[in-house]
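Heads up, the thing below is written out as structure tokens.
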Amino acid sequence: MHRVWVSSLLLVIVPVTLAGPHVFAAQENKPVTTNAEDRLQLSGTVVDVSGAVIAGATVQVRSTNDTVRITTHSDSNGCFVIPGLSAGNYRLVVSDPGFDTNEIPVTVGTVEVPSPLRISLAVRSESTTITVQGRADSLIGIADSTTQGTVGASEIQYRPILRSGEVLETVPGVIITQHAGGGKANQYFLRGFNLDHGTDFAIVLDGMPLNLPSHAHGEGYADMNTVIPEFVERVDFQKGPYSADVGNYGSAGNARVVFFKTLPQNFFKVEGGMYGYGRAVFGSSRKLGSGSLLYGGEAYHDDGPWKHPDNYYKFNGVLTYSQGDDANGFSITARGYHGTWHSSDQIAENAVPLVGFFGTLNPTDGGRSERYSLQAEWHRQDANSQTQVVAYGFYYDLDLFSDFTYYLTDPLRGDQFEQQDKRWVAGLDARHTIFSEWFGRKVENTFGLQVRNDWVHNGLYQTEDRVRLDKADSSTGNTLPATTEADRFNDTQVGFYAENKLQWLDKFRTDAAVRGDVGHVDVTSLVTAANSGTASKFLPSPKLSLIFGPWSNTEFYIQGGFSFHSNDARGATQTVEPASGENPYPNTPATRIPLLIPTKGAELGLRTLAVSHLQSSLSLWYLHSVSELQQSGDTGGTTASRQPSERYGVEWANYYTPLEHVAFDFDLANSKALFSEVDADDAAPNSPGGRRVPEAVGLVIASGITLHDLKSFSTSLRLRYFGPRDLTSDSIYRSKATALLNAEVGYQLSETWRISAEFLNVLNHRDHDIDYAYASRITPTAMPVFTGVFHPVEPLQVRIGLRGSF
């Protein structure tokens with residue numbers, strides 16, 4: 001929700017549309033018919049009380065029993081058209097955030113095309129907020145950053161999507177990949193980061209964080225498989241460390257996924273396609289008492305193109321009860337997710353002749369995961385203040401089997417390992433905003449508190465064919481115990497902030513904030529008592545944004561701010577390095593790593609609508625991280641590097657709607673990531689090292705054209721370019737670029753039915769989804785080799801879907 005200053009003067013609804021039901025009587029010389037080809041259309045324009053058009057207003061046709069029949073939106077000129085209505089009685093419901101909803105009884109009983117309506121909406125006298133629904137909406141005067149934005153459901157629904165996590169690829173500059181089975185969390189890339197599975201990119205679902213600290217596989221692990229794309233109302237995002245209400249993992253940016261509380265239409269959808277793909281999803285919302293009940297679910301299966309099929313099954317369910325509106329109300333939501341899968345992990349390049357491009361070196365890799373959550377949200381707003389409180393709790397369980405080096409450590413039993421993570425989580429996010437004036441200037445002061453505690457039991461184990469057992473290190477002959485690491489601990493995070501938004505002049509405003517975060521962990525090692533202990537850290541994070549304009553529909557931004565990411569609790573208390581393939585020597589002393597790693601950044605940018613129908617933004621950014629040092633969930637030890645790193649880059653985002661039914665987007669991001677000193681630990685063999693941060697994302701291009709709602713036809717064509725990356729600090733090993741072209745075609749057969757087809761990797765490129773470089777041994781008798789390692793993109797595939805709305 002984005003805030004603008006709105007006059008608090010009481011406005012009244014223009015009574016043009018409220019005089020009574022609109023009845024369209026039959027002409028005497030025309031017979032009444034209900035044939036589909038003769039059905040009527042309603043049309044009109046949505047305006048405010050001053051006569052200014054309202055773009056993006058929601059226009060619904062509801063039956064007398066309140067069932068939503070058709071939903072559309074007013075275009076950039078405030079106009080809407082609703083075709084295909086048969087004779088009968090309806091209610092036309094027109095709404096837009098920040099305005100009073102207007103409901104109009106309509107009776108259709110003729111083949112005569114009625115005159116266009118003029119529907120006026122009044123500004124809510126108590127409202128000071130406007131919710132931006134998508135990239136087509138202007139953020140000038142609303143956003144506090146160049147790279148702040150919103151992507152709405154109407155844009156998401158036309159995008160071809162291979163996996164649910166790709167909902168976040170609607171955020172300009174974000175790349176989503178996968179290097180293992182479908183049930184594992186995605187790999188994220190943004191702003192010069194290989195974010196692994198979530199570090200430095202905060203992801204929130206309806207106010208509940210998805211990132212998991214001190215996770216068995218990796219810090220910040222964020223699994224998007226719990227998200228059902230059809231239920232996403234919008235994705236709000238901001239890049240950089242400038243959001244006052246985002247603490248941990250917010251350095252590169254943050255994304256807030258918002259689900260519908262009431263669906264525009266009840267629906268069910270079935271999909272089928274190549275490689276064992278099948279999916280069924282349904283959603284329904286209806287009135288219950290004085291509120292609304294939303295419920296839905298998803299069943300999914302996919303084998304993928306792999307020689308050893310993924311056999312990925314997942315099941316999702318969501319149940320929400322809500323009351324009220326955007327100003328005052330509450331909601332309670334329960335979610336459940338369960339998934340099981342096999343995994344074709346990344347393979348070394350020299351293994352392709354042995355197992356093939358889509359082969360695997362360990363067919364017993366895979367896992368299972370589940371997450372069950374309950375959350376409640378309450379909000380209240382009047383002319384003087386706004387309050388929101390979110391409370392949540394969830395249970396999470398993951399059991400993951402991986403093998404990245406094959407026979408490098410133990411040529412007899414192989415290098416498979418198991419990572420297990422079980423946790424209960426409880427948290428609270430509360431904020432209160434006061435609206436007032438200082439010296440005649442509008443001002444907002446917000447105070448927030450965020451508390452979260454994770455009760456965790458996780459472990460790292462040596463396995464063969466998913467059975468835990470001792471192994472031997474081939475280089476030393478030392479025994480690697482079946483249990484490398486096992487711990488119980490509490491991970492507590494507390495954040496508080498104060499934020500001030502002040503309109504100093506007509507063309508100048510500021511957003512200033514100070515945030516404080518406390519991290520505390522209490523670890524009990526079940527293997528090595530010396531690794532038990534506690535650690536605490538406090539970090540302050542000031543932030544400042546200066547916004548100038550607008551002039552000629554253009555605003556300018558100058559920003560600076562601090563943020564951080566947390567490190568694994570076990571690394572913060574560890575004094576003895578666990579015995580693993582990377583460190584086969586028992587009782588090796590370890591140096592504790594900092595619990596919180598600070599970052600700081602700055603940004604210059606502009607946002608403009610100077611060209612008609614084109615929204616464009618340009619930003620230059622910089623980010624400094626005190627250290628890249630982290631705990632490795634794969635070995636139990638720490639990974640390089642201790643020295644600071646610096647990232648900088650440019651981002652250019654464009655959204656163009658030259659015609660009512662056509663939208664173009666073109667987003668480009670390019671960045672560079674460097675260590676402050678030469679890093680020999682991440683270099684190729686016999687190399688002194690270099691300053692490149694391995695696997696850091698560089699050039700990213702995302703572009704597409706969408707044709708929608710044109711005589712029941714829609715289509716989308718999208719390009720996704722993921723540029724070459726350094727895989728070692730010395731740049732000796734580099735990945736190739738990945739370029740994918742995806743398409744979606746849909747046709748509205750009737751009011752109820754829509755058929756669609758997705759074409760993924762249209763050009764059938766044999767590119768890589770992700771690349772690494774490290775040493776491995778592909779068979780027990782082979783020599784160890786340092787080489788490139790990759791996971792391939794999936795080949796050309798077609799998926800057909802049928803959706804029914806009711």
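The values are calculated or read from the model by the stated rules, or taken from the named source; none is laboratory data. Values in this document were obtained by computation on a predicted structure and should not be read as measured data. Cβ: placed from backbone, ideal geometry, glycine included. Neighbour counts: every protein chain shown. Note: accessible area is taken over every heavy atom of the protein model, side chains too, but ligands, DNA and RNA are not part of it. Shrake-Rupley method; radii C 1.70, N 1.55, O 1.52, S 1.80 Å.
Below are the figures for this structure:
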item: Verdict on Lys537 being touching a residue at least 12 places away in the same chain (Cβ under 8 Å), assigned to a strand (DSSP E or B) and over 26 Å from the mean Cα position of the chain (by Cα); result: yes
item: Scope segment 301-314; condition within 30 Å of Ser331 (Cβ to Cβ) and either modelled with pLDDT under 95 or open to solvent by 30 Å² or more (accessible area, probe 1.4 Å) (or both); matching residues; result: Tyr313
item: Test: residue in segment 518-531 that is under 28 Å from the mean Cα position of the chain (by Cα), open to solvent by less than 10 Å² (accessible area, probe 1.4 Å) and within 20 Å of Ser632 (Cα to Cα); result: yes
item: Any hit, segment 316-326, residues being closer than 24 Å to Leu760 by Cα, open to solvent by 10 Å² or more (accessible area, probe 1.4 Å) and in a loop (DSSP other than H, G, I, E, B); result: no
item: Tally of residues being open to solvent by 30 Å² or more (accessible area, probe 1.4 Å), aliphatic (A, V, I, L, M) and either at positive phi or in contact with a helix residue (DSSP H, G or I) (Cβ under 7 Å, 6 or more places away or on another chain) (or both) across segment 593-628; result: 0
item: Set Asn500, Asn583, Asn553, Asn567: member being under 27 Å from Trp438 (Cα atoms), touching a residue at least 12 places away in the same chain (Cβ under 8 Å) and open to solvent by less than 70 Å² (accessible area, probe 1.4 Å); result: Asn500
item: Flag for Tyr158 being among the aromatic types (Phe, Trp, Tyr) and buried (at least 23 other Cβ atoms within 10 Å of the Cβ); result: no
item: Check on Phe231, open to solvent by less than 10 Å² (accessible area, probe 1.4 Å) and either among the aliphatic types (A, V, I, L, M) or on the phi < 0 side of the Ramachandran plot (or both); result: yes
item: Total residues in segment 137-154, condition of a type in the set (S, T, N, Q), open to solvent by less than 10 Å² (accessible area, probe 1.4 Å) and assigned to a strand (DSSP E or B); result: 1
item: Cross-chain or 6+ apart pairs with Cβ under 8 Å, segment 757-773 first and free of Cβ contacts under 8 Å to residues at least 60 places away in the same chain, then of a type in the set (D, E, K, R) and assigned to a strand (DSSP E or B); result: Ala757/Glu744; Ala757/Arg799
item: Test: residue in segment 243-253 that is closer than 30 Å to Asn761 by Cα and either assigned to a strand (DSSP E or B) or open to solvent by less than 20 Å² (accessible area, probe 1.4 Å) (or both); result: yes
item: Restricting segment 415-452 to residues that are of a type outside the set (A, V, I, L, M) and free of Cβ contacts under 8 Å to residues at least 40 places away in the same chain, the residue that is most open to solvent (accessible area, probe 1.4 Å); result: Phe439
item: Subset tally (residues that are open to solvent by 20 Å² or more (accessible area, probe 1.4 Å), charged (D, E, K, R) and in contact with a Gly (Cβ under 8 Å, 6 or more places away or on another chain)) for segment 772-805; result: 1
item: Residue that is nearest to Gly273 (Cα to Cα) [pool: residues in segment 187-205 that are open to solvent by less than 10 Å² (accessible area, probe 1.4 Å), in a loop (DSSP other than H, G, I, E, B) and out of contact with any Ser or Thr (no Cβ under 6 Å at 6 or more places or on another chain)]; result: His197
item: Flag for Gly304 being part of a loop (DSSP other than H, G, I, E, B), on the phi > 0 side of the Ramachandran plot and out of contact with any Ser or Thr (no Cβ under 6 Å at 6 or more places or on another chain); result: yes
item: Positions within segment 740-771 being β-branched (Val, Ile, Thr), surrounded by fewer than 20 Cβ atoms within 10 Å (Cβ to Cβ) and not in a loop (DSSP other than H, G, I, E, B), in sequence order; result: Val745, Ile755
item: Residues of segment 673-700 that turn out to be surrounded by 17 or more Cβ atoms within 10 Å (Cβ to Cβ), more than 19 Å from Ala739 (Cβ to Cβ) and charged (D, E, K, R), as a count; result: 4
item: Test for Gly336: is it at pLDDT 95 or above, open to solvent by less than 60 Å² (accessible area, probe 1.4 Å) and more than 30 Å from Pro411 (Cβ to Cβ); result: yes
item: Count of residues meeting criterion [more than 25 Å from Leu620 (Cβ to Cβ), among the β-branched types (Val, Ile, Thr) and part of a strand (DSSP E or B)] in segment 211-242; result: 1
item: Asp196 being in contact (Cβ under 8 Å) with a residue 12 or more places away in the chain and closer than 25 Å to Leu727 by Cα; result: yes
